[in-house]
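Working notes, structure below.
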Amino acid sequence: MQTASSADRPRLARSVRLRFDPARERHVLLTPEAVTVLNGTGAAVLELCDGRRTVTEIVAKLRGRYDRVDDDEVRAFVDRLTARRWLEVGNAEAGRGQARRG
């Protein structure tokens, strides 16, 4: 598995949607094969994965909301979702038009 770099710009894959489920009162990730219920932190990370922000910018934004944010944990979360093909990761250094899938 490839590790997310600071310059990577993660975004939801085209087939994946982040939604708030009022019945569960939680955010869910809708994928072709499943519905995944997210905790608050996971939803906060994914709301920031818009393809414009780098991983470093996402971590900085999260630090404005939460007391303790671990860069490695955010990268590991991005890596896990990229490996499942729920996120696509473009690299700022490689150009905005290029995306990497897990």
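Bear in mind these aren't lab numbers, they're just calculated from the coordinates by the rules spelled out. The structure presented is a predicted model; accordingly, all values stated were derived computationally and were not measured. Reconstructed Cβ throughout: ideal geometry from the backbone, glycine too, with neighbour counts over all protein chains shown.
Its residue count N sets the reference 2.2 N^0.38 Å, and the alpha-carbon radius of gyration of the stretch 8-85 equals 1.07 times that reference. Working from label points 7 Å from Cα in the Cα-to-Cβ sense, the LEU18 to GLU57 distance is 1.4 nm.
Among the GluC sites (Glu not before Pro) within the stretch 1-75, those in coil by DSSP and having at most 16 neighbouring Cβ atoms inside 10 Å are GLU25, GLU33. Counting only Cβ charges, +1 for Lys and Arg and -1 for Asp and Glu, the dipole size of the chain around its Cα centre is about 360 debye. Here is the list for the stretch 6-91: chymotrypsin sites (Phe, Trp or Tyr not before Pro) lying in DSSP coil, each with at most 12 other C-beta atoms within 10 angstrom of its C-beta, are TYR66.
Each of ALA7 and GLU25 was given a label point 7 Å from its Cα along the Cα-to-Cβ line. The distance between the two points is 4.5 nm.
Restriction of the trypsin sites (Lys or Arg not before Pro) in the stretch 1-61 to DSSP coil positions whose beta-carbon has at most 12 other beta-carbons within 10 angstrom yields ARG14, ARG24, ARG52.
Build a GNM of the chain with springs between Cα atoms under 10 Å apart, and of GLY42, GLY64, GLY51 the one that fluctuates most is GLY64.
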